[in-house]
Amino acid sequence: MAQLSDDCFAFGGPMMSVDEAVGLITTRVNAITDLETVALVDADGRVLAHDLAAPLPLPPFTNSAVDGYAVRNVDLPQAVEQAFPIDGRIQAGCLAQTPIKPGHTARIFTGAPMPPEAETVFMQEDVRIDDSGRIVLPPGLKPGANVRPAGEDIPKGQVALRAGQRLRPQHVALAAAFGLVRLDVVRRIRVAVFSTGDELASPGEPRAASQLFDSNRFMLMAMLRRLGCEVSDLGILRDERTSLASGLKQVAGAHDLILTTGGVSTGEEDHVKAAVESVGSLVLWRMAIKPGRPVAMGIIGGTPLIGLPGNPVASFVTFVHVVRPTVLALAGGLPEPLLPIPVRAAFTYKKKIGRREYVRVSLRKGQDGALEVTKFPREGAGLLSSLVETDGLVELGEAVTGVEPGQSVGFLSYADLI
Ligand code: AMP
Ligand code: MG
């Protein structure tokens, strides 16, 4: 487990910006160093442990990019078309060991190796066959056209994937192209997830009239799994300090991160703060972010704890800005900054200066075909429908005071957030 000091999350100011939070997490959270080897088919979503240098060039041999006719450069027609007798037929997968004869052309197919001395390929669409069966090649083709030289994609020895890369299908494809069957990856980050609150019932259990079903835990567990974590579902803890404290302490050693939701506001029925303080240390980060409430950052026996607010939308947004970078830092992952894409606003919005706000929006094509976003009509941080019926968040920076229709705003798709 990655051990952290008790003052790891200490922060001096009264209000913390999102950038300060992410900066503090990435500099103070130690990456775990345990590795495991996985088969290529299981590598998607995992964090690569070492730099990967190309063991062979890509493509591995010089080959034709098209179906057509290969010639030597010295034979390329210059001013007028010229007829060439056919000498050989080279299919993908064959060995092409015989050099092409001067003044001849060879039939060649996409992906087939270039025969020795052939340097350029004419596309079959650009040639014609004359009455005697010769191939008539037009003038003016650039030497080397339609040929893929060995190593043009990636030369042998070049670092093709970096340690810390979270592997996506294209990275797995590259490893396969190198002929690898296994990859060394960082072991999965183990996260214990609790909900807290007397008003919560677990789906599948009886619900009293004053209770609601716990939805956050399932959202958070799903998000964590998408980040490649191994999740322990620890159910609901009651709003009571001693049972909270013993529940949290029990899981600390066996996990890399403890995640809770609810109970971290400053009301007297918010017991997570006191519970963590009785078994470890805790600071409340008052983040300048909406939706969002204070986020509790704690250490129990060297294990980090993040206490997210209970309101589902606040929980979602703070997960993205605090839990996501923490999980990436624990896994030694390369930073994956969230970069909003500019789109046109089709709504009006007033905003408080000095904090960052996230507006739930739907994406649509405007009448002129340009992408624009509309705002979910209601504001509440408890509205699950506001997350379900929208496509992403518009990020409004600290200095922004409002949005007018037609203005360009930065859009983050839910698909990019985790
Ligand atoms: P709290 O952060 O505990 O003050 O909770 C804020 C609001 O979020 C309250 O209305 C809670 O009922 C609600 N809430 C807390 N935890 C959850 C949860 N796990 N799932 C759904 N709603 C929750
Ligand atoms: Mg509560």
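Summary table below
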quantity: Förster radius 56 Å - calculated FRET efficiency between I341 and D126 (Cβ-Cβ, nearest 0.05); calculated: 0.90
quantity: Inter-centroid distance (Cα atoms) of segment 120-138 relative to segment 186-211, Å; calculated: 71 Å
quantity: Among 303-312, 5-14, the order from most to least packed when residues are scored by Cβ within 10 Å on average; calculated: 303-312, 5-14
quantity: Principal semi-axes in Å for segment 341-416 [√(5λ), Cα gyration tensor, largest first]; calculated: 18, 16, 11
quantity: Taking all pairs of distinct alpha-carbon atoms in the chain, Kirkwood radius in angstrom; calculated: 25.6 Å
quantity: At R0 = 35 Å, FRET efficiency that the Cβ-Cβ distance of S385 and E20 yields, to 0.05; calculated: 0.65
quantity: Cα-projected label distance for N73 with R162, points at 7 Å along beta-carbon direction, nm; calculated: 3.6 nm
quantity: Cα-based reach from K375 at 29 Å (exclusive), listing lysines while leaving out same-chain residues under 8 positions away; calculated: K290, K350, K351, K352, K365
quantity: Additional length obtainable on full extension of the chain from K142 to S5, 0.36 nm per residue less Cα span; calculated: 42.9 nm
quantity: Segment 36-72 and segment 329-405: distance between their alpha carbon centers, rounded to Å; calculated: 38 Å
quantity: Value of Rg/Rh across segment 149-288 [Cα atoms, Kirkwood radius]; calculated: 1.17
quantity: Residues T110 and S215, FRET efficiency given R0 of 56 Å [Cβ-Cβ distance, rounded to 0.05]; calculated: 0.60
quantity: Net charge over other residues, Cβ less than 12 angstrom from the Cβ of F109 (K, R count +1; D, E count -1); calculated: +1
quantity: 5 angstrom amide H check on A118, placed H, neighbours 5+ away; calculated: I100
quantity: Taking N as its residue count, the alpha carbon Rg of segment 142-227 over 2.2 N^0.38 Å; calculated: 2.01
quantity: Accessible area expressed per residue, the chain, with surrounding protein chains retained (probe 1.4 Å, Å²); calculated: 46 Å²
quantity: Sum of -39500 (n - 2.57) over DSSP H runs of 4+, divided by residues of the chain (222 nm, nearest 500); calculated: -5000 deg cm²/dmol
quantity: Pairwise label distance in nanometres, E404 with E36, each label 7 Å out on the Cα-Cβ vector; calculated: 5.6 nm
quantity: Charge tally in the Cβ shell below 14 Å around F9, where Lys, Arg are +1 and Asp, Glu are -1, F9 excluded; calculated: -1
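The values are calculated or read from the model by the stated rules, or taken from the named source; none is laboratory data. None of the values given here were measured: they were computed from a predicted structure. All Cβ positions, even for glycine, are placed from backbone atoms using ideal geometry, and neighbour counts span all protein chains on display. To get the accessible areas, we keep the full protein, side chains included, count just its heavy atoms, and leave off ligands, DNA and RNA. Shrake-Rupley method; radii C 1.70, N 1.55, O 1.52, S 1.80 Å.
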